[in-house]
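The values are calculated or read from the model by the stated rules, or taken from the named source; none is laboratory data. Here the structure is a predicted model, which means the values were calculated and not measured. Because the Cβ atoms are built from the backbone with ideal geometry, glycine has one as well, and the counts that use them run over all protein chains shown. Please note that ligands, DNA and RNA were not included when accessible areas were found on the heavy atoms of the full protein model with its side chains. Shrake-Rupley method; radii C 1.70, N 1.55, O 1.52, S 1.80 Å.
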Amino acid sequence: MSEPDKFEDDLLYALTRTGEGFRPGQADLVAGGYRRGRGRWRRRSTAAVVGGAAALALVGTGAVYLGFPGARDAGTVRAASAPAATAGGDGATASATPTSVKSSAPVVITGDEVVATFQALLPKGQVSDAKGHGTDENKGMYADANLVFDDGQGRSLMGLSIQKHRPKDVQPQTCPTDLKLASLDSCAVTVLPDGSKLMLTQGYEYPDHRATTKEWRASVARPDGGLIGLSEWNSPQEKDAPDSRPNPPLTPDQLKAVVTDPSWNRVVAALRFDGVDTEAIDPGLSLQDRESVLTGLLPAGVTVTDRRSRDLRADFELAGGGRTGTLTLTVENWAKAPDDRPGPEAYQGAETLPDGTRLLARGAAAKVPKGVQVVDAMRPDGVEVLVTLVSKGDPLLTEAQLRAVATSPQWTPKK
């Protein structure tokens, strides 16, 4: 599957999961899923990442369910000598991670070292098809390891990912309110002694259960911004392979032991922060500023009935003509962070307007659920406006009206 196709599928899935059982106030999550999916695709394209499926933000039932790269197209790599591991494969709980990791000099962690550390934390068994990426690749923004593990009961694909976010940017570890809708048998979030939040889930690779492949996952969000996730399947491939065993091999306690092991501290310390510093691209527009501009751009008869904001997003409840919807507006000033600005790859297939604005519109003509519309405009001056509308019933606004909102020159940064 090509990168653009994979991005389309990830976006469609995130939007679909949000659309099911939609309640007012969730359009900001749709926008978040779109942006995270596109951002990951952009980083993978520009960094020429080989293997590791893009992490998908599963948005649904009022919660953000974070995924981590699995293992796809993994090759074979020579494992370097593993550092001393303190978490074995006997299911014992590992030591808690520290609240901060400091390094006096840049440390380079190779993909071989990540694989070796991962392998040392597994119980006895055979490992094959191992591949890893270290901090010496992909601008040092993440590390991962993918391998196939066999404890004698059947081969299992495993994928581990390590990222580091600014603590304020770490998404909450929250279980969905409806496990069935999220295709999970179980979900639990635990706060560890050091303040880390551990999430354990047992679910399935396919939400529609067209196959019985299971995916069990552990993820820990640390106070220092470290985000470590581990997924395992009861199959030697993430998709399109028959099950090799009834359940994945590691128990929830063993998954926890791997992701919380202190062996990962030096990897987290060596990583650059992933994602963009929202303060750097903040245009300085208050919620009132945004509402003032938006109300002037809405068609006659459509009014704002409620509003709220979070980070760079503003969420507006709209009503008009007996219809209602939630419009999420995100304005970002990439001129202040040119190195992180979305590149041409993020706008493949976009329309170029006479003023040079790149415009992507996704609605009824695209592969998105009924009632969901997304318009994304990137101006030549670096100002990006993302407008997402989730309507209940017939669309509250036309695509042309949403385009007018996204491309308006009135979105002028104040800082």
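Keeping to the stretch 159-180, report how many residues are in a loop (DSSP other than H, G, I, E, B) and touching a strand residue (DSSP E or B) at 6+ places or on another chain (Cβ under 8 Å).
Residues that pass the stated criteria total 11.
Do we have any residue at all in the stretch 181-190 that's in a strand (DSSP E or B), over 18 Å from Pro252 (Cα atoms), open to solvent by 50 Å² or more (accessible area, probe 1.4 Å) and modelled with pLDDT of 90 or more? Write out each step before concluding.
Narrowing the stretch 181-190 to residues in a strand (DSSP E or B): 184-190.
From the residues that got through so far, the ones that are over 18 Å from Pro252 (Cα atoms) too are none.
No: the stretch 181-190 contains no residue that is in a strand (DSSP E or B), over 18 Å from Pro252 (Cα atoms), open to solvent by 50 Å² or more (accessible area, probe 1.4 Å) and modelled with pLDDT of 90 or more.
Any residue in the stretch 225-244 that is under 12 Å from Glu215 (Cβ atoms) and touching a residue at least 12 places away in the same chain (Cβ under 8 Å) sitting within a Cβ distance under 6 Å of a residue that is surrounded by fewer than 19 Cβ atoms within 10 Å (Cβ to Cβ) and hydrophobic (A, V, I, L, M, F, W, C)? List the pairs, counting only those 6 or more apart or interchain.
Listed pairs, sorted by first residue: Ser235/Ala241.
For the stretch 129-168, which positions are touching a Leu at 6+ places or on another chain (Cβ under 7 Å), closer than 19 Å to Glu232 by Cβ and small (Gly, Ala, Ser)?
Ala130, Ala143, Ala145
Return a yes/no flag: does the stretch 246-266 have any residue that is out of contact with any helix residue (DSSP H, G or I) (no Cβ under 6 Å at 6 or more places or on another chain), open to solvent by less than 50 Å² (accessible area, probe 1.4 Å) and within 30 Å of Arg341 (Cβ to Cβ).
Checked the stretch 246-266: no residue is out of contact with any helix residue (DSSP H, G or I) (no Cβ under 6 Å at 6 or more places or on another chain), open to solvent by less than 50 Å² (accessible area, probe 1.4 Å) and within 30 Å of Arg341 (Cβ to Cβ).
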